[in-house]
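J.: Input: one structure, supplied below.
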Amino acid sequence: MDAHVVGIDRCHSGWLTCRYEIHTRQVNFRIVPSFDEVLRFYETAKFIAIDIPIGLWNDGQHRCCDVEARRLLAPHRSSCVFPAPCRSLLDIQNYTDACEISRERFGGGISKQSYAIYPKVAEVDRLISPKLQERVFEVHPELCFWGINHRRALLNSKRTRKGYEDRRLLLNEVLGIQFPDSLNWRSIFPDGPVNANRDDVLDAAVAAHTAYRAFLGKAERLPQQPAIDERGLRMEMLY
């Protein structure tokens, strides 16, 4: 089997994966329902880069990697980096309760956008381990695009047509393939429509590029000296 790496972004129906073949420079997109199935389906992948927090505090601290990413992406894209949740809040089943408990314990509430990713964070947190983290690591797509855009944050949101085109052209250059334009992005999926968004495709693809950089030994780490959580997980983003 050809050597390959994988980039992953969450989507409505599970996880959108982008498999990048290292020698042929081909990509294949697939939706996998659960993170457990992702690990089994891509058990031979050299590296897997995923857009989800890995390594969490229990006491309301801010992760240094989140703070540093927002600083690098300011002022245009810093709001794209949501604070990682406290592990102790992940299993709370509704937003109102989670927000109230967060205020009581840590002195601040939770945005609805942040709370919306809690189930996905919990899904990964249940399975990730320091051993698995040797080949499965966290990325943030906007930080990855910052890196391949000569360390400059992109001005336009990825959800706009201009933002999509900016990112598509960068991906075409670094991956050596041709992604379809914003009007034809669904052509990536030969089997027909999928329950994912146009920008999910971009995020999975740039994650795959970072996984490829890790394979080449060129991926960089934020911060360079990451903190370690109570389960021994490094709290870092690669780009």
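J.: Given 0.36 nm per residue, what is the gain on full extension from Asn94 to Gln133 after removing their alpha carbon distance, in nm?
T.: 11.1 nm
J.: Let me ask something additional. What does the C-alpha gyration tensor say about the overall shape of region 99-239? Classify as rounded when a/c is under 1.5, otherwise prolate if a/b is larger than b/c, or oblate.
T.: Details: a/c = 1.81, a/b = 1.39, b/c = 1.31.
Note, shape of region 99-239 comes out prolate.
J.: A further question on this structure: Pop out the carbon and sulfur fraction of the accessible area of region 161-204 as a percent, whole number, probe 1.4 Å.
T.: 47
J.: Sum up the charges of everything whose Cβ sits under 15 Å from the Cβ of Cys65, counting Lys and Arg as +1 and Asp and Glu as -1, but leave Cys65 out.
T.: So the surrounding residues net to -3.
J.: Ok, one more. Using only Cα atoms, find the angle between the long axis of helix 161-175 and the longest principal axis of the chain, and express it within 0 to 90 degrees, rounded to the nearest 10.
T.: Relative to the chain, helix 161-175 is tipped by roughly 70 degrees.
J.: Quick one: length gained pulling Lys112 to Arg25 fully straight, 0.36 nm per residue minus the C-alpha distance?
T.: 27.5 nm
J.: Can you give the calculated 222 nm mean residue ellipticity of the chain, where each DSSP H run of n ≥ 4 adds -39,500 (n - 2.57) and the sum is split over every residue, rounded to the nearest 500 deg cm²/dmol?
T.: Result for the chain: -11000 deg cm²/dmol, rounded to the nearest 500.
J.: Go through region 186-239 and name the trypsin sites (Lys or Arg not before Pro) that are in a DSSP coil and have 16 or fewer other Cβ atoms within 10 Å of their Cβ. Before the final figure, lay out each step's value.
T.: On the way: sites: Arg186, Arg198, Arg213, Lys218, Arg221, Arg231, Arg234; in loops: Lys218, Arg231.
Hits after loop and neighbour filter: Lys218, Arg231.
J.: Can you list which of the GluC sites (Glu not before Pro) found in region 153-239 are DSSP loop residues with at most 14 other C-beta atoms within 10 Å?
T.: Details: sites: Glu165, Glu173, Glu220, Glu230, Glu236; in loops: Glu220, Glu230.
Sites meeting the loop and neighbour criteria: Glu220, Glu230.
J.: Ranked by accessible surface with a 1.4 Å probe, highest first, in what order do Asp59, Asp91, Asp191, Asp125 come?
T.: Listed by decreasing accessible area, they come as Asp191, Asp91, Asp59, Asp125.
J.: Give the residue from Tyr95, Leu155, Leu132 lying farthest towards the positive end of the charge dipole for region 87-170; charges sit on Cβ (+1 for Lys and Arg, -1 for Asp and Glu) and the dipole is referred to the Cα centre.
T.: My answer, from the dipole projection, is Leu155.
J.: I want to verify a result. In a Gaussian network model of the chain, Cα cutoff 10 Å, which of these has the top mean-square fluctuation: Gly14, Gly109, Gly163?
T.: In this elastic network of the chain, the residue with the biggest mean-square fluctuation among Gly14, Gly109, Gly163 is Gly109.
J.: Of all DSSP beta bridges located in the chain, what percent are antiparallel, nearest 5? The partial results should precede the final answer.
T.: Values: 18 of 24 bridges.
Around 75 percent of the beta bridges assigned by DSSP in the chain are antiparallel ones.
J.: Per residue, how much accessible area does the chain have with a 1.4 Å probe, in Å²?
T.: Normalised by residue count, the accessible surface of the chain is 48 Å².
J.: With a cut-off of at most 11 other beta carbons within 10 Å, and DSSP calling the residue loop, which trypsin sites (Lys or Arg not before Pro) in region 1-46 qualify? Please list them.
T.: Arg25
J.: Moving on. What are the ³J(HN,Hα) values, in whole Hz, obtained from phi via the Karplus relation 6.51 cos²θ - 1.76 cosθ + 1.60 with θ = phi - 60°, for each residue of region 70-83 in sequence order, with x given for Gly and Pro?
T.: 4, 5, 5, 8, 5, x, 7, 10, 5, 5, 6, 9, 6, x
J.: Let me ask you something else. Using a cut-off of 12 Å between beta-carbons, work out the net charge of the residues near Thr96 (Lys and Arg +1, Asp and Glu -1, Thr96 not included). Present the calculation step by step, with values, prior to reporting the outcome.
T.: Numbers: positive: Arg103, Lys112; negative: Asp97, Glu100.
So the surrounding residues net to 0.
J.: Got a sec? What order do Val38, Val67, Val174 fall in by accessible area at 1.4 Å, biggest, i.e. largest, first?
T.: Val67, Val174, Val38
J.: Determine ³J(HN,Hα), in whole Hz, for all residues of region 52-66 in sequence, where each value follows from phi through the Karplus function 6.51 cos²θ - 1.76 cosθ + 1.60 and θ = phi - 60°; x replaces Gly and Pro.
T.: Couplings: 7, x, 10, x, 9, 7, 9, 10, x, 5, 8, 6, 4, 5, 5 Hz.
J.: Starting from the residue with the highest accessible area, list Cys99, Cys64 in decreasing order, probe 1.4 Å.
T.: On the way: Cys99 5, Cys64 80 Å².
The ranking, largest first, comes out as Cys64, Cys99.
J.: Under the definition of Cα pairs under 8 Å and six or more residues apart, what whole-number percent is the relative contact order of the chain?
T.: With pairs under 8 Å counted, the relative contact order is 30 percent.
J.: Take the cross-link list Lys112/Lys162; Lys120/Lys218; Lys46/Lys112; Lys131/Lys218 and give me the ones stretching past 25 Å between alpha-carbons.
T.: Numbers: Lys112/Lys162 27 Å; Lys120/Lys218 28 Å; Lys46/Lys112 35 Å; Lys131/Lys218 21 Å.
Listed pairs above 25 Å: Lys112/Lys162; Lys120/Lys218; Lys46/Lys112.
The values are calculated or read from the model by the stated rules, or taken from the named source; none is laboratory data. Not measured: the values here are computed from a predicted model. Methodologically, a virtual Cβ is constructed for each residue, glycine included, from the backbone with ideal geometry; neighbour enumeration extends over all protein chains shown. Areas reflect the complete protein model, heavy atoms only, side chains present, ligands, DNA and RNA absent. Shrake-Rupley method; radii C 1.70, N 1.55, O 1.52, S 1.80 Å.
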